[in-house]
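The values are calculated or read from the model by the stated rules, or taken from the named source; none is laboratory data. Here the structure is a predicted model, which is why all the values come from computation and not from measurement. All Cβ positions, glycine included, derive from the backbone under ideal geometry; neighbour counts span all protein chains shown. Heavy atoms of the whole protein, side chains included, go into the accessibility calculation; ligands, DNA and RNA do not. Shrake-Rupley method; radii C 1.70, N 1.55, O 1.52, S 1.80 Å.
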Amino acid sequence: DTGVSQDPRHKITKRGQNVTFRCDPISEHNRLYWYRQTLGQGPEFLTYFQNEAQLEKSRLLSDRFSAERPKGSFSTLEIQRTEQGDSAMYLCASSLERSREAFFGQGTRLTVV
Amino acid sequence: GESVGLHLPTLSVQEGDNSIINCAYSNSASDYFIWYKQESGKGPQFIIDIRSNMDKRQGQRVTVLLNKTVKHLSLQIAATQPGDSAVYFCAESNNNNDMRFGAGTRLTVKP
């Protein structure tokens, strides 16, 4: 399968714990995006990378959130000191810069209890 | 602020009929628009896109129309099938930056 891969698919964590999600984009895609989606809403932009450079961060991305893409391939999204309001689906997408057609992974569903 | 939104949150159609899903946008600087389909528990799936220098683009059973005068985007699905039941999102982008999504329309196809 050469699509966007996200791991884990589901994560249940206790409030206050740290969690880390991984995204493996389509191999030749140099752009990688993170979105958050809550039930009944459209995806909300969090951040995006072009190669290893993080080019834009949403105001939604509080200090507890950090994303990295150290080698310009896979990316991680870490949430520190999780809160119940962090419960959502976290989606990753990738695209070629020149095409702008973004492909999404299946998402990681986070539940904070 | 500027946003992407949808006129109707739900749409129910009979199998075989055509479906039209609408989207309004307010950022006149947006130059690229995309329609995504999302089934329950899955990530959004790309359907079709259109650039602002076009007003119509056709795919397989789908057509996207862009009216820049009134900042309106629509997705037409021909001969709607049960497998088309999903939530449909429009998204906009400008200057090659990130995509911003609307709230979505739930399409239900009745057999």
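Here are the numbers:
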read-out	value
Antiparallel DSSP beta bridges within the protein assembly as shown, as percent of all bridges there, nearest 5	90
Net charge of neighbours whose Cβ lies under 10 Å from the Cβ of residue B:110, counting Lys and Arg as +1 and Asp and Glu as -1	-2
Debye, to nearest 20: dipole size of chain A, +1 on Lys, Arg Cβ, -1 on Asp, Glu Cβ	320
Local electrostatic count at residue A:39 - Lys and Arg +1, Asp and Glu -1, tallied over other residues with Cβ under 13 Å	+2
Lys, Arg +1 and Asp, Glu -1 on Cβ, resulting dipole of chain B about Cα centre, debye, nearest 20	80
Where the Cα pairs of the protein assembly as shown fall when distances are cut into 5 Å bins, in %	1, 7, 15, 18, 19, 16, 12, 7, 3, 1, 0
Percent RCO, i.e. relative contact order, over region B:16-111, from Cα pairs under 8 Å lying at least 6 residues apart	33
Top of B:75, B:66, B:11 by mean-square fluctuation, Gaussian network on chain B, Cα under 10 Å	B:11
Charge-dipole axis of region B:19-111 as Lys and Arg at +1 and Asp and Glu at -1 on Cβ define it, positive-most pick from B:90, B:74, B:102	B:74
Within the accessible area of the protein assembly as shown (1.4 Å probe), percent carbon and sulfur	44
GNM result for chain B, Cα springs below 10 Å: residue of B:19, B:74, B:52 fluctuating most strongly	B:52
29 Å Cα-Cα threshold exceeded, pairs from A:57/B:42; A:14/B:37; A:71/B:37; A:11/B:37; A:71/B:42	A:14/B:37; A:71/B:37
Karplus-derived HN-Hα couplings along region A:35-43 (A = 6.51, B = -1.76, C = 1.60, θ = phi - 60°), whole Hz, x at Gly and Pro	10, 10, 9, 9, 4, x, 10, x, x
Relative contact order computed over chain A (Cα-Cα under 8 Å; 6+ residues apart), in percent	37
Exposure rule at most 15 other beta-carbon atoms within 10 Å, DSSP loop GluC sites (Glu not before Pro): chain A longest free segment	A:53-82
Global form of chain A, assessed from the alpha-carbon gyration tensor, a/c cut-off 1.5	prolate
Accessible area per residue, Å², region A:46-96 with all protein chains present, probe 1.4 Å	47
Loop trypsin sites (Lys or Arg not before Pro), region A:7-113 (other Cβ atoms within 10 Å of the site Cβ: 16 or fewer; DSSP)	A:9, A:14, A:15, A:59, A:64, A:71, A:81, A:98
Furthest towards positive pole of dipole, B:18, A:30, A:61, structure part the protein assembly as shown, Cβ charges	A:61
Dipole in debye (nearest 20) - the protein assembly as shown, about Cα centre, beta carbon charges: Lys, Arg +1; Asp, Glu -1	300
For chain B, built as a Gaussian network whose Cα springs stay under 10 Å, the top-fluctuating residue of B:18, B:53, B:94	B:53
Buried accessible area, chains B and A (both chains, 1.4 Å probe, Å² to nearest 100)	1800
